[in-house]
Amino acid sequence: MIQQLTKFERRFGLVISVLVAGAGLTLIGMSEDGLLAIHGTIILAAGFIAALLTGGTIHEPEPDAKRLESYYDDPIKFGIIVSMIWAVFGMFMGVWVATLLAYPEWTFDAAWSSFGRLRPVHTTGVIFGFGGNALIATSFHVMQRTSRARMADQLSPWFVLLGYNLFCILAVSGYFMGITQSKEYAEPEWYADIWLVIVWVAYFALYMRTLARRREPHIYVANWYYLAFILVVAVLHIVNNLAVPVSFGHIKSYSAFSGVQDAMTQWWYGHNAVAFFLTAGFLGMLYYYLPKRAGRPIYSYRMSIIGFWGITFFYMWAGSHHLHFTALPQWVQTLGMTFSVMLLVPSWIAAANALLTLNGAWGKVRDDATLRFMFLAAVFYGLSTFEGSFMAIRSVNALSHYTDWTVGPVHAGALGWVALITFGSFYALVPWLWKREGMYSSKLVEVHFWLALSGTLVYVFAMWNSGVIQGLMWRTYNESGALAYSFNESMVAMHPYYIARAIGGLLFLAGAVVGFYNIWKTTKMDTVQSSVPSGDGLIADDASHSR
Amino acid sequence: MHKDERDPHTGYKTTGHEWNGIKELNTPIPRAILLFIIVTHLFALGYWIFMPAWPLGDTYTKGLLGADQKKRVEKEVAEAAMSRQAALEAIERQDYNTIVNDLHLMALVRENGKTLFRDNCSACHGAQGQGQSGFPSLADNDWLWGNSPEQIAKTIRVGVNADHPESRSSEMLAFGRDQLLQRGDVLDLVSYIESLSGKVPKNADSADSADSDGIALPKGQSIFAENCATCHGADAKGSTETGAPDLTDDIWIYGAGSDTIFHTIWDGRKGVMPSWDGRLTPLQQKILTLYVLGLNEEEQ
């Protein structure tokens, strides 16, 4: 794989690797506490391995110029495998924390395995590890195909993928050691945050440079969404993580914001992470793999446009609905709520556009589990965006806030939408990329589909029930005007639902394991050149394209 | 390469663009979508007119209804407190004896006390007041600080070894760790204490003590008289003055067994109960006192 890089890219890669290793060494040297030194060591090791790989091949000959006639897919393959590893890891952690809620003694009395540390390991593992790698990998695929252009260079995609995974490893290993800045979904400390900024800027530059090389006159919708994802996540990440380290030798930092401003910044970030990481990016995926697999044109270009601009505009305002009935001024809450309600329409336009695209291909949806994954993802997308807007209404929120009712729709979105569209896209993409006749086993795709669907349903129904019961118990008064139930009693009432939730998660995890096995076996199958759809392997020139 | 095609299935034309085989139809926006956009925007507009909504420099549009969530919550909290006061004021007014003998008031105590107890006390004392290691049971008839309502109310109000100025204080010294007693003495003491509650001590043949069973007990008794009787009393029945537990019954705060008793004598004990004065109102404390006494009656 490394031989595919040009000599210059290999040399440049070596320089970057040495710089990374040097950064690790610097952190070790500056470290005033053992924790920073541990992370410095991880960075040093990453830089060292990368330097060995690039340095070891530095005298190899230049790669064949013919490579420029086809798309650059090696990093995509890497991204898919890594994404699936994170999926299994992150979902396993999810099942563990779900079990902890029903059986708290499963921490085994250790600090690293306490709920507060494992929970961000789960969220980071699935959102950033699984979701992030899937987004980066598929974006590399989609931007090349829809631009009819090879990636601008061969080093950047590796820098982005490997750098991003280094960030994820720093994040997750940090949580186990208790390193966190206590901002939900933005837990990593300042040095990891700075590293992610560098990686992310390289990602954005790569995307723009590849788009600039495109041989299509127009930019396809999927690219709008991927670009929105990259650009907005950069803005969110930088602003929310503005902080001052205690010292450069210390892991701890203090946020630039405090009090209600801090809460507002955090939920502006948190909600738009849902919007642009977990929605926009995956809509980019949906907009490519669903029509491709269904063999149908997108139902309406006009709906794509208002869907896209509606989602990007309205989402930005909605974050304050996470802070209803708090110290946040009421007018900010009003704006969050009303924009959330207006947001429902563009969200549903995107879902409807996807579902209507399947008109004329319903037979395929019935027979093809891969397409069914994508279909169901669009349905769950519609469902969870409805609940999001509904629960943003203050009077609904008064019941639902702080209960499991929040956890339910979040997982309808995370499992039903994000994970299903990713699995569907992978099942479509893997045989194309590896030039295989199809997936290793279509039966196992079917098995995965039913495990994923049943797991999601068990999970979501358990949380709806438990959330509403919890919300009602917390607001029931007796005749004397005092609370009728203690918190303790509401916990006892939740117990069966927490067990059900863990079982739902376990089913979903089992599906992911089956999926990983199936993908892995597919990569080991024989190459079948003819199985690649036309236009997917070689970069078509203008003459053959317009035939 | 720009050419319009008609999709045979829907009958709509494509936009003429194509990306690696993906085309788009130029389908117009369905009417229903326009309707939904209008409805949601009108809702938002109406909400902005009636409720606080848009910032204007250092102020904001207040809305026609003049809603203010802070004032509203303060008003609702005050109203709720008033209605609770009305329902429960008889409990506040009457003395303990009257309430205990009033079925209606005791029903109120049980209803409100249960939530108060579970929210504030059950983490240590257990959901049924059964206690757990280190935290005494409140459901038995054994009271460290006395069984009168006034005594129990005081414990709730000031706590034990708490930061309240009038806090009850009680500490068992670390006789072994602080070298007040030798290891052999402590073992003899354990045997003696176990014998008080009618147990035949298992480890009377302790390795460190060469004494036989017959000698350990009198020796333990004299060590007890010199070191322990001040708090636990010469008869070892404890004292509600010092909060020292009765050692002759079969109730053990930290668990029965010679190992635990040895540990208690060696390292000492200093259990803490926080003062609830800052957190609970006098009325709530009174309800809890009566509720805790009620737990005791249920047991009998």
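Checking residue B:66 against (1) in a loop (DSSP other than H, G, I, E, B); (2) surrounded by 13 or more Cβ atoms within 10 Å (Cβ to Cβ), which single condition isn't satisfied?
Failed condition: (2).
Going through B:83, B:122 one at a time, which residue ends up being modelled with pLDDT under 90 and under 30 Å from residue A:325 (Cα atoms)?
Every option except B:83 fails the conditions.
For segment A:423-470, what are the residues that are of a type in the set (S, T, N, Q) and in contact with a Ser or Thr (Cβ under 9 Å, 6 or more places away or on another chain)?
A:425, A:441, A:442, A:466, A:470
Residue B:75 fails exactly one of the following numbered conditions: (1) in a helix (DSSP H, G or I); (2) within 11 Å of chain A (Cβ to nearest Cβ). What is the number of that condition?
Status for residue B:75: all satisfied but (2).
Name the single residue, out of those in segment A:309-330 being of a type in the set (Phe, Trp, Tyr) and buried (at least 21 other Cβ atoms within 10 Å of the Cβ), that is farthest from the other protein chains (Cβ to nearest Cβ).
Among those residues, the one meeting the criterion is A:315.
Testing residue A:365 on (1) more than 22 Å from residue A:397 (Cβ to Cβ); (2) within 12 Å of chain B (Cβ to nearest Cβ); (3) surrounded by fewer than 22 Cβ atoms within 10 Å (Cβ to Cβ), one condition comes back false. Which one is that?
Among (1) more than 22 Å from residue A:397 (Cβ to Cβ); (2) within 12 Å of chain B (Cβ to nearest Cβ); (3) surrounded by fewer than 22 Cβ atoms within 10 Å (Cβ to Cβ), residue A:365 violates only (2).
State whether one or more residues within segment A:285-299 are touching a strand residue (DSSP E or B) at 6+ places or on another chain (Cβ under 9 Å), within 7 Å of another protein chain (Cβ to nearest Cβ), part of a helix (DSSP H, G or I) and more than 19 Å from residue A:135 (Cβ to Cβ).
Among the residues of segment A:285-299, not one is touching a strand residue (DSSP E or B) at 6+ places or on another chain (Cβ under 9 Å), within 7 Å of another protein chain (Cβ to nearest Cβ), part of a helix (DSSP H, G or I) and more than 19 Å from residue A:135 (Cβ to Cβ), which makes the answer no.
Does residue B:115 qualify as being away from chain A (no Cβ under 14 Å), over 20 Å from residue B:236 (Cβ atoms), part of a helix (DSSP H, G or I) and polar (S, T, N, Q)?
The answer is no for residue B:115.
Identify all residues within segment A:204-223 that are out of contact with any Leu (no Cβ under 9 Å at 6 or more places or on another chain) and in a helix (DSSP H, G or I); write none if there are none.
Listed by number, the residues that qualify are A:205, A:206, A:209, A:210, A:212.
So which of A:306, A:251 ends up being aliphatic (A, V, I, L, M), more than 10 Å from chain B (Cβ to nearest Cβ) and either more than 22 Å from the chain's Cα centre (by Cα) or assigned to a helix (DSSP H, G or I) (or both)?
So the residue among A:306, A:251 that is aliphatic (A, V, I, L, M), more than 10 Å from chain B (Cβ to nearest Cβ) and either more than 22 Å from the chain's Cα centre (by Cα) or assigned to a helix (DSSP H, G or I) (or both) is A:251.
Given the condition farther than 24 Å from residue A:504 by Cβ, in a loop (DSSP other than H, G, I, E, B) and of a type outside the set (Val, Ile, Thr), answer yes or no: does some residue in segment A:380-394 qualify?
For segment A:380-394, residues farther than 24 Å from residue A:504 by Cβ, in a loop (DSSP other than H, G, I, E, B) and of a type outside the set (Val, Ile, Thr): present.
Residue A:442 - would you say it is over 30 Å from residue B:128 (Cα atoms) and without any contact (Cβ under 8 Å) to a residue 24 or more places away in the chain?
So residue A:442 does not fit the description; no.
Would you confirm whether or not segment A:263-277 contains a residue that is in a helix (DSSP H, G or I) and within 14 Å of chain B (Cβ to nearest Cβ)?
There is at least one residue in segment A:263-277 that is in a helix (DSSP H, G or I) and within 14 Å of chain B (Cβ to nearest Cβ).
Only one residue in B:13, B:23 is surrounded by fewer than 19 Cβ atoms within 10 Å (Cβ to Cβ) and within 7 Å of another protein chain (Cβ to nearest Cβ). Which one?
Of B:13, B:23, the one residue that is surrounded by fewer than 19 Cβ atoms within 10 Å (Cβ to Cβ) and within 7 Å of another protein chain (Cβ to nearest Cβ) is B:23.
Any idea which residue in segment B:113-159 is surrounded by the most Cβ atoms within 10 Å (Cβ to Cβ), counting only those that are among the hydroxyl-bearing types (Ser, Thr, Tyr) and in contact (Cβ under 8 Å) with a residue 24 or more places away in the chain?
Restricting to residues being among the hydroxyl-bearing types (Ser, Thr, Tyr) and in contact (Cβ under 8 Å) with a residue 24 or more places away in the chain, the top hit is B:155.
If residue A:128 passes every condition in (1) assigned to a helix (DSSP H, G or I); (2) within 14 Å of chain B (Cβ to nearest Cβ) but one, which one does it miss?
(2)
Kindly provide the set of residues from segment B:32-72 that are at the interface with chain A (Cβ under 9 Å from one of its Cβ atoms), more than 18 Å from residue A:392 (Cα to Cα) and hydroxyl-bearing (Ser, Thr, Tyr), ordered by number.
B:60, B:61 - these are the residues of segment B:32-72 that are at the interface with chain A (Cβ under 9 Å from one of its Cβ atoms), more than 18 Å from residue A:392 (Cα to Cα) and hydroxyl-bearing (Ser, Thr, Tyr).
Being surrounded by 15 or more Cβ atoms within 10 Å (Cβ to Cβ) and within 30 Å of residue B:113 (Cβ to Cβ), is that true of even one residue in segment A:495-512?
Scanning segment A:495-512 turns up at least one residue that is surrounded by 15 or more Cβ atoms within 10 Å (Cβ to Cβ) and within 30 Å of residue B:113 (Cβ to Cβ).
Across segment B:48-77, what is the total count of residues that are of a type in the set (A, V, I, L, M, F, W, C) and closer than 19 Å to residue A:327 by Cβ?
5
Taking the condition of a type in the set (S, T, N, Q) and within 30 Å of residue B:106 (Cβ to Cβ), does residue A:518 pass?
For residue A:518, the condition - of a type in the set (S, T, N, Q) and within 30 Å of residue B:106 (Cβ to Cβ) - is not met.
If the requirement is being β-branched (Val, Ile, Thr) and within 14 Å of chain B (Cβ to nearest Cβ), which of these qualifies: A:422, A:370, A:403, A:385?
Answer to the check: A:385.
In this structure, is residue A:106 of a type outside the set (Gly, Ala, Ser), modelled with pLDDT under 95 and not in a loop (DSSP other than H, G, I, E, B)?
Considered against the rule, which asks whether it is of a type outside the set (Gly, Ala, Ser), modelled with pLDDT under 95 and not in a loop (DSSP other than H, G, I, E, B), residue A:106 comes out as yes.
The values are calculated or read from the model by the stated rules, or taken from the named source; none is laboratory data. Because the structure is a prediction, the values reported are computed rather than measured. Because the Cβ atoms are built from the backbone with ideal geometry, glycine has one as well, and the counts that use them run over all protein chains shown.
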